[in-house]
1. Could you list, in sequence order, the residues of the range 60-69 that are in contact (Cβ under 8 Å) with a residue 40 or more places away in the chain and farther than 19 Å from Asp26 by Cα?
2. Determine, yes or no, whether Arg134 is assigned to a helix (DSSP H, G or I), surrounded by 10 or more Cβ atoms within 10 Å (Cβ to Cβ) and either of a type in the set (D, E, K, R) or modelled with pLDDT of 95 or more (or both).
3. I'm checking my understanding of the structure. Among residues of the range 15-39 that are open to solvent by less than 20 Å² (accessible area, probe 1.4 Å) and assigned to a loop (DSSP other than H, G, I, E, B), which one is nearest to Cys144 (Cα to Cα)?
4. Which ones in the range 94-116 are open to solvent by 100 Å² or more (accessible area, probe 1.4 Å), assigned to a helix (DSSP H, G or I) and not charged (D, E, K, R)?
5. Taking into account only those residues within the range 138-174 that are of a type in the set (Val, Ile, Thr), within 16 Å of Tyr98 (Cβ to Cβ) and in a helix (DSSP H, G or I), which is most open to solvent (accessible area, probe 1.4 Å)?
6. Among the residues of the range 56-93 satisfying the criterion of being open to solvent by 60 Å² or more (accessible area, probe 1.4 Å) and assigned to a strand (DSSP E or B), which is farthest from Ile3 (Cα to Cα)?
7. Tell me which residues, restricted to the range 42-55, are part of a strand (DSSP E or B) and touching a residue at least 24 places away in the same chain (Cβ under 8 Å).
Amino acid sequence: MSIGHTLLGLLESGPRHGYDLKRAFDEKFGHDRPLHYGQVYSTMSRLLKHGLVEVDGIEAGGGPERKRYAITDAGITDVERWLATPEKPEEYLQSTLYTKVVLALLTHRDAADILDVQRAEHLRSMRILTDRKRKGDLADQLICDHALFHLEADLRWLELTAARLDKLRAEVTR
């Protein structure tokens, strides 16, 4: 996820302080991975340097000065460009799990056990996500669906690989 573009997009609704941006980000996107304050302020500093935001006001208080940031026209254009650019699909061609299976076969270990343990872990994760989806709001349901669909594809791969272990063993050990 592009944190800079996400913060810029949040600024389109109006100027905000770094604290408010962090809170909005965490509420909308950071359920599992909230931003650190330092990450917000370093990102805002970079966006300011590139002319994508400007300081809309500075408030003095009991602590450090609080800057209120506003998105610039260049920032809006940058967000529009980012939103219109498709994400590269993840092809998973460098799978750690595939590497583990092949290494197990090469070292005469039980690759079926590796697949079974992984299947159990995937099913455990799916139960947790399904419970979270059932209790969550629409945004949480959608993000859980995304993760669940990926886990389901992984499970299909695990089953297919288990069915082909003898063939794979023959190919990788010749």
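The values are calculated or read from the model by the stated rules, or taken from the named source; none is laboratory data. Note that the coordinates shown come from a computational prediction; the quantities given were computed from them, not determined experimentally. Here the Cβ is made from the backbone with ideal geometry for all residues, glycine too, and neighbour counts use every protein chain on show. Note: accessible area is taken over every heavy atom of the protein model, side chains too, but ligands, DNA and RNA are not part of it. Shrake-Rupley method; radii C 1.70, N 1.55, O 1.52, S 1.80 Å.
1. Selection gives Arg66, Lys67.
2. Numbers: assigned to a helix (DSSP H, G or I): yes; surrounded by 10 or more Cβ atoms within 10 Å (Cβ to Cβ): yes; either of a type in the set (D, E, K, R) or modelled with pLDDT of 95 or more (or both): yes.
Considered against the rule, which asks whether it is assigned to a helix (DSSP H, G or I), surrounded by 10 or more Cβ atoms within 10 Å (Cβ to Cβ) and either of a type in the set (D, E, K, R) or modelled with pLDDT of 95 or more (or both), Arg134 comes out as yes.
3. Once the filter is applied, the top-ranked residue is Gly30.
4. First, pick out the residues of the range 94-116 that are open to solvent by 100 Å² or more (accessible area, probe 1.4 Å): 94, 98, 100, 108-109.
In the following step, the residues that additionally are assigned to a helix (DSSP H, G or I) were identified as 98, 100.
Scanning the range 94-116 gives a single hit, Tyr98.
5. Applying the first criterion (of a type in the set (Val, Ile, Thr)) to the range 138-174 yields 143, 161, 172-173.
Subsequent filtering for residues that are within 16 Å of Tyr98 (Cβ to Cβ) retains 161, 172-173.
When the remaining residues are screened for being in a helix (DSSP H, G or I), the result is 161, 172.
Details: Thr161: 17, Val172: 39 Å².
Out of the qualifying residues, it is Val172.
6. Step one: of the range 56-93, the residues open to solvent by 60 Å² or more (accessible area, probe 1.4 Å) are 56, 58-60, 62, 64-68, 73, 77, 80-93.
The next check asks that each one be assigned to a strand (DSSP E or B); those that pass are 56, 58-59, 66-68.
Numbers: Asp56: 20, Ile58: 23, Glu59: 25, Arg66: 21, Lys67: 19, Arg68: 18 Å.
Selected residue: Glu59.
7. Of the residues in the range 42-55, the ones part of a strand (DSSP E or B) are 53-55.
Selection gives Val53 alone.
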